[in-house]
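Contents: one structure, followed by commentary.
Any read-out appearing in this document is the output of simple, stated calculations on the displayed coordinates, not a laboratory observation. What you see is a predicted model, and the numbers here were worked out from it, not measured in a lab. Cβ sites come from the backbone with ideal geometry, for glycine too, and all protein chains shown count toward neighbours.
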Amino acid sequence: MLYGGMELFRHTEFEDNSFGNLNMGSQLYHWKIFAPEVGFSRYGGTFRERGIANEPGVYFITPAMFHMNFNANVFTFTPKMKLGKQDAFLSFSPTYNIGTANANGAYYVLDGKQYVLEKGQKKSSPVSFWSFSLGVEGLAIQEEKYWFTIFLTYSNVDANAALSKLDFSEYDISTNNTTSTIGIGIRLYYNPFPVKDD
């Protein structure tokens, strides 16, 4: 059974107070309450832009700006458990994630009427973390090929493994940030060969 979906996480340090991921993979089988999955997820988010004033005073235009974002590419392994009947289930999904996190930082200074890049950095780091989801699954339509799930999730995504490697200390800027948070997700499953579960 193949799936594709997305998750949106609440975090006030990011633009629009959120970051997200897109994911795809496969449910390998469903036997009794066990329905393990393997997949791939791509996380990403942009932090709120920071205005930097190196000297105290009142500024109509901030003399410097700092931008920072991250993304992470991870493979996922989920020993999912499902409780319910043939067309509706309650699911619990502990997921182990392993891959690479990437961070980008850019410091801009005002030059006349526009900002120009003074320093940019890109850093990467291996990451591994757990996430946990609780949701409901059901038939998307009255046909066993299509299923959907909606779930609440808590992710320990460790973007800070890469963010902390960015160095803008000469501007007195800290890039450390905790990205563990809660969110909501949705997935659509497709089973080209539907069979009756045991």
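Legend: calculated FRET efficiency, Met24 to Lys85, from the Cβ-Cβ distance at R0 = 35 Å, rounded to 0.05, equals 0.85. Among Gly25, Gly185, Gly84, the residue with the largest mean-square fluctuation in a Gaussian network model of the chain, with springs joining Cα atoms closer than 10 Å, is Gly84. Each Lys and Arg Cβ is given +1 and each Asp and Glu Cβ -1; about its Cα centre, region 118-171 then shows a dipole of about 220 debye. Between Asp87, Asp111, Asp167, the GNM of the chain built on Cα springs shorter than 10 angstrom shows Asp111 fluctuating the most. Across all Cα pairs in the chain, the calculated P(r) in 5 Å bins from zero up to the longest distance comes to 1, 7, 14, 17, 14, 11, 9, 8, 6, 5, 4, 2, 1, 0, 0 percent per bin.
Loop-resident trypsin sites (Lys or Arg not before Pro) (DSSP state other than H, G, I, E or B) in region 9-56 with no more than 16 further Cβ atoms inside 10 Å of their Cβ: Lys32, Arg48. The loop-placed chymotrypsin sites (Phe, Trp or Tyr not before Pro) in region 1-97, going by DSSP, that have at most 16 neighbouring Cβ atoms within 10 Å of their Cβ come out as Tyr29, Tyr59, Phe60.
The relative contact order of the chain, computed from alpha carbon pairs under 8 Å that lie at least 6 residues apart in sequence, is 20 percent.
Positive-end ranking of Val38, Gly99, Thr12 along the dipole of the chain, with charges on Cβ about the Cα centre, is headed by Val38. Rg/Rh for region 70-112 stands at 1.42; both radii use Cα atoms, and Rh follows the Kirkwood definition. Rounded to the nearest 20, the Cβ-based charge dipole of the chain about its Cα centre (Lys and Arg +1, Asp and Glu -1) stands at 400 debye.
For the chain, the number of Lys pairs separated by eight or more positions or lying on different chains, with C-alpha atoms closer than 23 Å, is 15.
Mark the label point 7 Å from the Cα of Leu188 along Cα→Cβ and return the residues of region 4-30 whose backbone N is within less than 19 Å of it. In region 4-30, the label zone of Leu188 (backbone N under 19 Å from the point 7 Å along Cα→Cβ) covers 4-8, 21-27. In the elastic network of the chain, a GNM with C-alpha springs shorter than 10 Å, the most mobile of Thr175, Thr95, Thr76 is Thr175. Helix-only arithmetic for the chain: the sum of -39500 (n - 2.57) across DSSP H runs with n ≥ 4, divided by the residue total, places the mean residue ellipticity at 222 nm at -500 deg cm²/dmol.
Expressed in nm², what is the orientationally averaged projection area of the convex hull enclosing the Cα positions of region 1-116?
Values: hull surface 40.4 nm².
Directional mean of the projected Cα hull area for region 1-116 stands at 10.1 nm².
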